[in-house]
Amino acid sequence: MATQVTQSPLGTATEAELVSEIRVALPEHGLRHDVRAASIVWQRELIRFRGDRLRAITSLVQPFLFLFVIGTGLSTLANHGLPSDVNFKTFIYPGVLAMSVLFTAIFSAGSIVWDREFGFLREMLVAPVNRGSLVVGKCLGGATIATFQGFVFLALAGFAHVPYNAVLFLTLIGELLLLAFTLTAFGVMMAARIKTFQAFMALTQILVLPLFFLSGALYPLNGLPSWLSVLTRIDPLTYVVGPMREAVFSHLDLPDHVVEKLAPAVTWGSWPVPVGLSLGIVAAMGLTMMGVAIAEFSKTE
């Protein structure tokens, strides 16, 4: 059987020779290319959040309720166990700050499940970029948005009788950013395997509130029953709420024994965990969960 030929500007060639000359132009892989991909995903998260004002408002409802409604309503009862110069809203303020980033960070990762349902995630995964850069961009975008939410409650510090101090605010912003990153990485790790948005919401509702209540956001960590003390020590939020409360109370004009009672250090047994180690644990957990998410997304969809 005769070989089929095709006339081309370069002359006569067989189909096999023409196919061998075809090349698909792909962008070069490298650190600069991956950084650009991550920054695009980060910008997309900011644009989506800016255009969704209802989401920004509703995510602030629960922290407002805890600080102004519960904080005011329970102050009469709680103040019987607090020194006369400490307000209950001041005590729960660090925990409310953590709550302000908790829900925003977790739910920002839920958009991955939404994108999967509508097919946009598949378009992102087939793009000629490292999938790990997409996960990094998502984690950084969610952390940025959640930290912006925390700025709102930093501005309300005066209502909780917390001083407007530059050093205190820089410390709290750094801790909020670390917490937001870890929580977003946790949400992305869960969203990597969940197929429906309803399932993601149900799972987050099961996990988010226990994480908050076990962190010591509404009560000091000393004098707890042994079973509750163990649960608080395995909660990653504990290792951020504790340093945040310690930072707030260190800038209040209070006696040392009051600070030790209301803002005790996180302890393992009788050993007080240093603040640096507490924050390092949270950072390590965030990086580990982001690594798991990258591994999940690197698999074939």
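Computed from the coordinates by the stated procedures, all read-outs in this text should not be read as laboratory data. Because the structure is a prediction, the values reported are computed rather than measured. Ideal geometry is used to build each Cβ from the backbone, glycine not excepted, and the neighbour counts take in all protein chains shown.
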Under a GNM of the chain (C-alpha, springs under 10 Å), which listed residue has the highest mean-square fluctuation: Glu246, Glu260, Glu45? Glu260
Globularity index of segment 167-301, i.e. its alpha-carbon radius of gyration over 2.2 N^0.38 Å: 1.18
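For the peptides 187-199, 93-105, 165-177, what is the packing order when you average, over each peptide's residues, the other Cβ atoms within 10 Å and list the highest mean first? Mind showing how you got there, number by number?
Values: 187-199: 19.0, 93-105: 27.4, 165-177: 16.8.
The densest-packed peptide leads the list: 93-105, 187-199, 165-177.
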Under 27 Å from the Cα of Lys261, which lysines turn up, not counting those fewer than eight places away in the same chain? Lys89
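Pairs of Cα atoms under 8 Å, at least six residues apart: use those to get the relative contact order of the chain, whole percent. If you can, show how the numbers build up before the last one.
Values: 350 pairs, mean separation 64.4, N = 301.
Normalised by residue count, the contact order of the chain is 21 percent.
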Per 10 angstrom bin, beginning at 0 and ending with the bin that holds the maximum distance, the Cα pairs of segment 27-298 fall in percents of 7, 29, 33, 20, 9, 2, 0
Listed highest first by mean packing, meaning other Cβ atoms within 10 Å per residue, what order do 266-279, 285-298 come in? 285-298, 266-279
Relative packing of 149-156, 223-230, which averages over residues the other C-beta atoms within 10 Å, highest first: 149-156, 223-230
Could you pull out every residue, at least 5 positions away or on a different chain, whose amide H is within less than 5 Å of the one on Thr267? Hs are placed 1.01 Å off N in the peptide plane, and Pro or chain starts have none. Val273
Using 0.36 nm per residue of separation minus the Cα-Cα distance, give me the extension gain between Asp253 and Leu203 in nm, one decimal. 13.8 nm
